[in-house]
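Values in this text are rule-based calculations from the coordinates and carry no lab data. These numbers were taken from a predicted model, which means no experiment stands behind them. Neighbour counts are summed over all protein chains in view; Cβ atoms, including those assigned to glycine, are modelled from backbone coordinates with ideal geometry.
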Amino acid sequence: MSKIFYVIILIFSLTYFNAEATIIDRKALVSRNNPQINSFDSLSSLSVGNGEFAFTVDATGLQTFPQKYTTGVPLGTQSQWGWHSFANPNNYRHEETLKNYNFRGKVEPYSTQFNEPGRPKEASEWFRINSHRLHLGIVGFELSDPKDFKAITELHQHLDLWNGEIASKFNLNGKAVSVQTSCHPTDDMICVRIQSVTHTGIKFHFPYPSGGHTDDACDWDSNNKHSTSLVEQTENSALLERKVDETIYYVKISWEGKAKLIEKEKNYFVLQPTSDDFSFTASFTPIKPGEKVQPTVSETMLASEKYWNSFWTTGGAIDFSACKDKRAPELERRVVLSQYLLAIQCAGSVPPQETGLTYNSWYGKFHLEMIWWHEAQFALWGRSALLERTLEWYKKALPIAKEIAQRQGFEGVRWMKMTDPSGIEAPSKVGSFLIWQQPHIIYMAELVYRSHPSTEVLQKYGELIEESAKFMYSFATYDQKNGRFILKGAIPAQETLRASETTNPPFELSYWHFAMSTAQKWRERTGKKRNPQWDELINKLSPLAAKDGLYLAAETATDTYKDIRFTSDHMAVLGAYGILPKCSLVRSDYMQNTLNWIWTNWNWDKTWGWDFPMTAMNAARLGDTEKAVGALLMDKRTNTYLPNGHNYQDSRLRIYLPGNGGLLTAVAMMCAGWDGNKLKNPGFPNDGNWDVKWEGLAPLP
């Protein structure tokens, strides 16, 4: 990870920093929202991290009781580089996952899941599971009874957001223990400072990967399948080499004070201190560390403090303390904590998974249709450098995306939905048919350009935009009879619809219009002529289908308001005017009617965390500010925000970072507005109860 990352953040965040006198006491704003934890609550674990690496702890400040948190918010140690694949003795090939479909009068091979037993099904399952993200290792207190919670009393823990440090105090068998936990801002390294007369050991316990769809990625019953070797040791350091099948990584442990590292059993080491004041660092790396001297504990804690102080004092800020509405403090808490969580979980060198760097969902893979929800907010909050850090991955995945488009008979690049750092498409009966991830790179690159318009930005993302737009044009089908372009043969964002039965989903139509129009702007900015074929597509896209003054889930979904398939999952129609600016395909009166109907009748128990900010953005653009605020704070399970700030969905997805990212995007928009808006705080009611102060935010298009 580059050491200049910290400097880059400062440079680009200052782009948006309000030059006027600061109206917000940022330290007070952040500090009053520090999470306070006083028990072993499995849904209240806290994390430190840097976007590329994160470390999640229980109430002891370490990962002492991982089993207690397995079905809560697990105690993960994860990175953007730590991946593993099981052996492939049957030599499954990705082309075996392909199945032919015909949506447009031609054969289109899609990487899908098979229902029938046999090699294609086995191949698709292998590529779906592999590769998967690794849990890099448990670092916790070594207790005589690893399940004895009663030995720990008087728990007091808080996350100091301003300095990026978790402070934990408790009594162990009646004796006081104090723990400070931080993460280096540019190295994948934790540092821990402990004060205690108990001289309790520190365990380094390593699991085999589970390969599970949604779990903590730990298999503790396969010790014989992996190894941990002590390859170097000095009086104050040790280097462990981890071999997990073909995957190798290293853990460098350095300590200050007297201690001894012992191997308790295979893949299980204990660092035993003999002093009351004891500190250590643990660095995780994909390659063997060289001769370079690692930062000390004090240096790491100071680096963390400087980074987080800078993070909070630059970029955007929103202060709700002057608001009279009783819901305002909770909205402020969610906003502050979401900024922290997304910075440590979703600002890495590859797109983030929906559960970040805390535990695995969908095998640890990331979903490209979700990257907008995770990361568009960075540009709006004056932190576009964090977004750009991830967008570099698109260039690496470009050849594979081009191959997907070519094999299906399209031009340009078709971005995969579910993948890993390699860019290989994960087989899916849904994901392979989605298309709304396609325009995301155009939208996000446009946000970057708006944050710092330059030739450099145009050159950096120009090819990605051009190739994405080529696919979008070739994917649209021209309806000769009616003289229009239609979208078909795809599963829309509202995934309850089927690809073979769906034509002209409303959000995708509007997104095609916005993205193709933006791609034309980029051509003009670089001195190219507008593409006349693209202009024809823009001018002849089908308007959104409506019935009785209400927009349909798709032109083919004529029973939208009678069939539960069309009134569950994402109410994506609202994204057509909310996420996106109003275009010629949309009527405001029909959209207001549709919002009103959805508000009253939607199956809200079958929604996801980002549906609430999407609803808020739609309501804000329509001027329905009561609904905008109400959507953000609607009392529904999937709109729950835990004490640590995570967006809870259900017993499977205990955290869901697209919800946090969507919240930040919506609130920024409700403050700073959008192109053409002239109102102050246009998303909040002008009733005297929402005196929202903000600075350093950018408007949406």
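Values as computed for the structure displayed
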item	result
Order of 700, 380, 552, 633 under a 10 Å beta carbon neighbour criterion, fewest first	633, 552, 700, 380
Calculated diffusion of the range 362-493, Stokes-Einstein form, Kirkwood radius summed over Cα pairs, 37 °C and 0.692 mPa s, µm²/s	211 µm²/s
Amide H contacts under 5 Å for residue 479, placed H, 5+ residues apart	484, 485, 486
Check: the chain dipole with +1 on Lys, Arg Cβ and -1 on Asp, Glu Cβ, in debye	1160 debye
Amide proton proximity set for residue 218, modelled H, under 5 Å, gap of 5+	210
Residues residue 288 and residue 540, FRET efficiency given R0 of 51 Å [Cβ-Cβ distance, rounded to 0.05]	0.30
Long-range amide H partners of residue 165 with built H, under 5 Å	160
Over the chain, equivalent-ellipsoid semi-axes from the Cα gyration tensor in Å	43, 30, 23
Packing-based exposure ordering (other Cβ within 10 Å, fewest first) of 418, 516	516, 418
In sequence order, calculated HN-Hα J values of the range 162-167 (Karplus, 6.51, -1.76, 1.60; Hz; x Gly/Pro)	4, 10, x, 10, 9, 10
Using θ = phi - 60° and Karplus 6.51 cos²θ - 1.76 cosθ + 1.60, couplings along the range 526-541 (whole Hz; Gly, Pro as x)	9, x, 8, 7, 4, 7, x, 5, 5, 4, 4, 4, 4, 6, 10, 5
Cross-link table 521/693; 27/324; 150/175; 252/365; 521/547, entries beyond 24 Å C-alpha to C-alpha	521/693; 252/365; 521/547
C-alpha long axis of helix 297-313 to longest principal axis of the chain, angle in °	30 degrees
Extension gain (nm, one decimal) between residue 477 and residue 635, 0.36 nm per residue minus Cα-Cα	52.7 nm
Spatial separation of Cα centroids for the range 499-518 and the range 635-674, in angstrom	25 Å
Convex hull (Cα only) mean projected area of the range 317-695, reported in nm² to one decimal	17.7 nm²
Value of [θ]222 nm, deg cm²/dmol, for the chain, DSSP H segments ≥ 4, -39500 (n - 2.57) each, nearest 500	-9500 deg cm²/dmol
Charge dipole of the range 218-361 about the Cα centre (unit charges at C-beta), most positive-ward option of 273, 227, 311	311
Neighbourhood charge, 13 Å Cβ-Cβ cut-off, centred on residue 231 and excluding it, Lys, Arg +1 and Asp, Glu -1	+1
In Å, descending, principal axis extents of the Cα set of the range 64-186	72, 35, 23
The chain, relative contact order [Cα under 8 Å, separation at least 6], %	14 percent
Relative packing of 54-63, 166-175, which averages over residues the other C-beta atoms within 10 Å, highest first	54-63, 166-175
Residue-wise HN-Hα coupling along the range 585-590, computed from phi with Karplus coefficients 6.51, -1.76, 1.60 (Hz; x: Gly, Pro)	7, 10, 9, 5, 5, 5
Quarter of Cα convex hull surface for the range 520-567, i.e. mean projection, nm²	5.0 nm²
